[in-house]
Amino acid sequence: MTRFSRHGTAHVAALTADLDARRHLITYRGADGAEKFVDFGQRIEMRDRTADSLEAALRIAAEKYGGRVSIQGSEEFRASAARLATRLGVRVSDEDLRSIVTDELARMSQGEPPGGVAQERAQEEIEAGDEAEQDLGR
């Protein structure tokens, strides 16, 4: 088990990374031992529906994939992940999410602080999403 803390953010630093060399994957767990997300190499699959886990996964994906991610999953998940990615400075490569990214950039330029209503909305969308596969990738 490896302590993962090189990203400089509390959400990522709080995770442990379990490497499964045989299956070529890394499982990221919280302090409680619960799976937060799994890195399969070409994609990161979410297991936890919290904004903190999504932020950590986006930060790791951005580092892995050169600062750009593609988002898969339910409409609600994709929208909230695109908003959060934009706030974190992670580029979203999905053209169908461009209007969400543009809207979030406009909100940021108007001085809306991270969190608040936008963060609450994102958390509600994540939690309300269906059980469909939700992942981040190139």
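The values are calculated or read from the model by the stated rules, or taken from the named source; none is laboratory data. In this text the structure is predicted, and so the values were computed from the model without any measurement. Note that we place each Cβ from the backbone using ideal geometry, even for glycine, and neighbour counts take in every protein chain shown.
Quick look at the values:
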item: Subset of the range 45-69 (residues that are acidic (Asp, Glu) and touching a His at 6+ places or on another chain (Cβ under 9 Å)); result: 52, 55, 63
item: Pairs, first without any contact (Cβ under 8 Å) to a residue 40 or more places away in the chain and surrounded by 10 or more Cβ atoms within 10 Å (Cβ to Cβ) in the range 21-42, second assigned to a loop (DSSP other than H, G, I, E, B) and among the small types (Gly, Ala, Ser), C-beta under 7 Å, six or more apart; result: 24/41; 30/14; 36/30
item: Residue satisfying all of: in the range 8-45; among the β-branched types (Val, Ile, Thr) and over 15 Å from the mean Cα position of the chain (by Cα); farthest from residue 66 (Cα to Cα) among these; result: 16
item: Unmet criterion (only one of (1) within 12 Å of the chain's Cα centre (by Cα); (2) more than 13 Å from residue 134 (Cβ to Cβ); (3) surrounded by fewer than 21 Cβ atoms within 10 Å (Cβ to Cβ)) for residue 48; result: (2)
item: Extreme residue, farthest from residue 92 (Cα to Cα), among residues of the range 21-74 that are acidic (Asp, Glu) and modelled with pLDDT under 95; result: 32
